[in-house]
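Take a look at the structure below.
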Amino acid sequence: MPNVTDHEARGIREGTVTQIRRVVKPQPDLPKGFILEVPGPQSGRAIPVCWDCKLHGVKNDSPHSQLWLTEMAIESPLGKVGDVVGCKEKWCKPFTESRAGATGSDAGFIYLVDGPDFLPVIERAHNWPKSMKGVWKSAASMPQKAIRTFIRLKSIRVERVQSMAEADALACGYKPLLDDSWREPGKKVTQVTAPENYAHAFDATNGKGSWASNPWVWVYSFAREGEK
């Protein structure tokens, strides 16, 4: 089950995010001239492929090669095409007013991306969401019963993150921007492209320099399946 960012959680529910990317772990140590590839939609894994062999239609079916490919295969963490997976997001238990103040309750759950309109009155009276700093629980800690958003995987591939096309960035919910405030001081640009916008978010999620290191990533395209 993927742990989704606030941007992804909101976008999946609104229909503006139909693709997510996750860093391949561990990053493969591939021989020169090899790439990673998902051999088929039902494989649910990525294997090393010789680029020259693929280019010229050469197949190497020797037992030694097949054993090596099996040992080097990396399993998809979200499964294979057709699988339905639940998305974990930031959450907390609802609050009720009492003489002791706001206290937790077991009745249902609150989700950060829903915004203040879904909070009890006692919480709306404070500064949302700063008043709940330390109350929000991480997506990774979300229990199974709290998951409300499900996606069906439509396609899976692996590629270097910098191979992202404009259409991919848009599918991830990132649009071109005119705001270049996060760029280096004094560096003038007329527009930030959608992939550049995504690159900024990728670094924010995975650590500074992650985009520049150009890691292999899983690319999952999906459709929202529904909710409980």
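FYI, it's all coordinate maths here, none of it is from the lab. This is a predicted model, so every value here is computed, not measured. We place every Cβ from the backbone using ideal geometry, glycine too, and count neighbours over all the protein chains shown.
General observations
- With a threshold of 28 Å on the Cα-Cα distance, the over-threshold entries among Lys32/Lys154; Lys145/Lys208; Lys90/Lys154 are Lys32/Lys154; Lys145/Lys208.
- Spin-label model, Val135 to Asp203: label points 7 Å out along the Cα-to-beta-carbon direction sit 3.4 nm apart.
- Close amide-amide hydrogen proximity is noted between Trp91 and Leu112, Lys137, each under 5 Å apart and 5 or more residues distant or on a separate chain (H modeled in the peptide plane; Pro and chain starts excluded).
- Two-site FRET efficiency, Met1 against Leu178, from Cβ-Cβ distance with R₀ of 30 Å, rounded to 0.05: 0.25
- In this rough spin-label picture, where each label sits 7 Å from Cα along the Cβ direction, the Ser213-Lys25 distance is 1.2 nm.
- Potential extension, Glu75-Arg160 segment - 0.36 nm per residue separation minus Cα distance: 28.9 nm
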